[in-house]
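The block underneath contains the structure these notes are about, expressed in structure tokens.
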Amino acid sequence: MNVLANVTLAQLSRGAEEPGYVLFIVGAVLLVFLFAMVVIARQYRRCPSNRILVIFGKVGGDKASRCIHGGGAFVAPLIQDYAYLNLDPIAIEIPLEGALSLNNIRVNVPSTFTVGVSTDPVLMHNAAERLLNLPEQTIREQAQDIILGQLRLVIATLSIEEINKDREKFTRLINENVEQEINKLGLELINVNIRDITDESGYIEAIGKRAAAEAIQRAKVEVAQQEQAGATGESIAVRERTINVTREQTAAIQGQKELEQQQRVRVAMLEAEAVKGEVEAKRDREIVTAQRTAETVSAAKQFEQEQRVKVATAEAAAVTGENESRARMAESNAKLAEVQAEARRRAEVASAEAAQKILLAQREQELARLSKEQLAAQEIEKRRIEVAAAAEAERQRLEAAGAADAILAKYRAEAEGVKAVLEAKAEGYRQLMEACAANPQVAPTLLLIEKLPELIAQQVKAVQNLKIDKITVWDSGAVKPGGKGTTADFLSSLIGALPPVHELAQQAGVELPSVLGKVRTEVVAESGQVK
């Protein structure tokens with residue numbers, strides 16, 4: 001051995017003196033250095049300004065990844081890998097339709113949300129955990145679901161008037177709720193663009209029409225007040241016009257209230273259906289969750305059972321090997337019998353313990369199976385019954401509230417209509433009395449003249465049903481006392497059957513105009529009667 005070592009050392013010393021050997025050594029060192037530089041250059045990753053470098057694997061501590069925005073980092077081979085997160089903005093179209101507002105009116109709010117991966121350290125870590133290597137379409141769909149839910153939640157807390165008038169408050173609530181939820185994915189909200197707000201029932205359009213109608217009504221009232229200082233004829237024309245406008249507006253308001261009543265009933269029915277669907281979906285989700293939990297527990301128990309069996313087998317094998325070794329070492333020992341007895345005893349104890357652990361594992365598995373097949377189904381059925389009962393109670397409450405609102409709206413609309421008609425009549429009578437202030441007797445006369453067509457219509461009804469096909473008058477030509485013939489007396493008595501207009505006016509204390517004639521009185525000397 002010493003001779004061989006001396007020969008080798010001699011050969012090395014001779015090789016060290018040769019120039020070729022030195023060049024070989026230098027070349028090998030350069031190759032190793034170049035290879036190391038190439039590896040370092042290939043494993044050093046730079047991060048562009050519009051991306052986030054995510055290094056995962058063994059990154060130190062309890063972190064699952066390390067995020068870098070800008071600069072670069074060395075990625076250790078084998079134990080680390082890398083990927084990029086894109087910071088480009090993502091435009092998400094939200095075609096929200098039928099969202100229920102605070103006053104139970106469904107509105108359509110089409111909008112566009114612009115989101116992107118945040119560069120905040122906490123949010124970058126969330127994005128690396130939940131969005132890494134996902135396609136942009138998947139990220140858009142996840143964000144769209146979150147935005148739709150939060151947008152419906154915000155609309156449910158505001159009335160139609162608040163959404164339509166206070167757009168700043170509406171946008172602020174959307175930013176707060178949506179950004180808080182998408183931050184959990186590592187995204188941030190860049191911009192919100194609400195294009196238009198409409199409703200299925202036309203309530204927003206009706207609000208605008210009502211405001212325009214009220215402005216027109218106020219303008220007409222002001223014009224009428226300015227024209228009131230004119231002549232009496234102009235005052236009467238203004239009164240009639242105001243009454244007609246009020247009547248038409250009352251009819252319009254009544255129609256609008258009836259439409260609102262129908263809309264509230266329909267909205268209440270749709271809301272009840274929506275609540276029912278949500279409850280059923282929640283029930284199904286709870287059932288699936290319970291099933292998955294039971295399966296997970298069963299798999300864990302089974303894994304523990306297999307692990308215990310393997311441990312027991314390994315312990316038994318170890319004890320057996322130990323006993324065999326001791327048996328071989330004790331072949332030349334006088335106490336071989338005692339050693340063998342001790343080894344058998346340990347083997348039996350280990351076998352008993354392993355069998356006991358196997359039985360315990362089988363017992364736990366059987367209990368888990370019974371819980372999954374019997375207790376889980378009973379618990380799910382119990383939960384389903386509770387959810388169904390709660391949904392039915394909520395539906396009945398909503399239907400009762402909707403019916404009560406509809407009845408209340410109907411009676412309010414009727415009361416407002418009657419009030420408007422009475423106020424219009426009172427205003428007309430007041431203007432008429434002011435116009436006739438110089439001669440108070442003219443006002444009742446004008447009112448009676450206004451009702452005169454109705455009185456004449458009632459007089460005509462007294463004889464309109466008389467069916468006289470032919471009238472034959474046998475007039476002898478004799479003249480009765482008073483200068484009347486038979487034919488004239490017949491016609492006079494026929495007209496006298498109608499209610500006398502002058503007597504009605506006299507009983508009401510009203511003097512008719514001269515154009516309607518006067519009642520002539522005749523004094524019969526013989527009887528002293530006045531005709």
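Any idea how many residues of the range 68-96 are more than 14 Å from N133 (Cβ to Cβ) and surrounded by 14 or more Cβ atoms within 10 Å (Cβ to Cβ)?
Summing the residues that are more than 14 Å from N133 (Cβ to Cβ) and surrounded by 14 or more Cβ atoms within 10 Å (Cβ to Cβ) in the range 68-96 gives 10.
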Exercise. Do the conditions hold for R346, that is, is it surrounded by 11 or more Cβ atoms within 10 Å (Cβ to Cβ), at pLDDT 80 or above and either assigned by TED's automatic domain parsing to the domain that holds Q305 or touching a helix residue (DSSP H, G or I) at 6+ places or on another chain (Cβ under 6 Å) (or both)?
Worked result: yes
Problem set entry | Sole exception among (1) assigned to a helix (DSSP H, G or I); (2) in contact (Cβ under 8 Å) with a residue 12 or more places away in the chain; (3) touching a helix residue (DSSP H, G or I) at 6+ places or on another chain (Cβ under 7 Å) for E234, by number | (2)
Exercise. Right, D81: on the phi < 0 side of the Ramachandran plot, in a loop (DSSP other than H, G, I, E, B) and of a type outside the set (A, V, I, L, M, F, W, C) or not?
Worked result: no
Exercise. Looking at (1) at pLDDT below 90; (2) closer than 30 Å to A206 by Cα; (3) surrounded by 14 or more Cβ atoms within 10 Å (Cβ to Cβ), which is the only condition G57 fails?
Worked result: (2)
Problem set entry | Residue check, E227 at pLDDT below 75 and either surrounded by 12 or more Cβ atoms within 10 Å (Cβ to Cβ) or not charged (D, E, K, R) (or both) | yes
Exercise. Only one of (1) assigned to a helix (DSSP H, G or I); (2) closer than 22 Å to H69 by Cβ; (3) not β-branched (V, I, T) is not met by K169, so which one is it?
Worked result: (2)
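Does A352 meet the test of being part of a helix (DSSP H, G or I), at pLDDT below 85 and of a type outside the set (D, E)?
Numbers: part of a helix (DSSP H, G or I): yes; at pLDDT below 85: yes; of a type outside the set (D, E): yes.
So A352 passes the test.
Counting only residues that are acidic (D, E), more than 30 Å from E394 (Cα to Cα) and out of contact with any Asp or Glu (no Cβ under 9 Å at 6 or more places or on another chain), how many does the range 232-271 have?
Residues that pass the stated criteria total 2.
The values are calculated or read from the model by the stated rules, or taken from the named source; none is laboratory data. In this text, all values refer to a predicted model and were calculated from it rather than measured experimentally. When we count neighbours, we look across all protein chains shown, and the Cβ atoms used for this are built from the backbone with ideal geometry, even at glycine.
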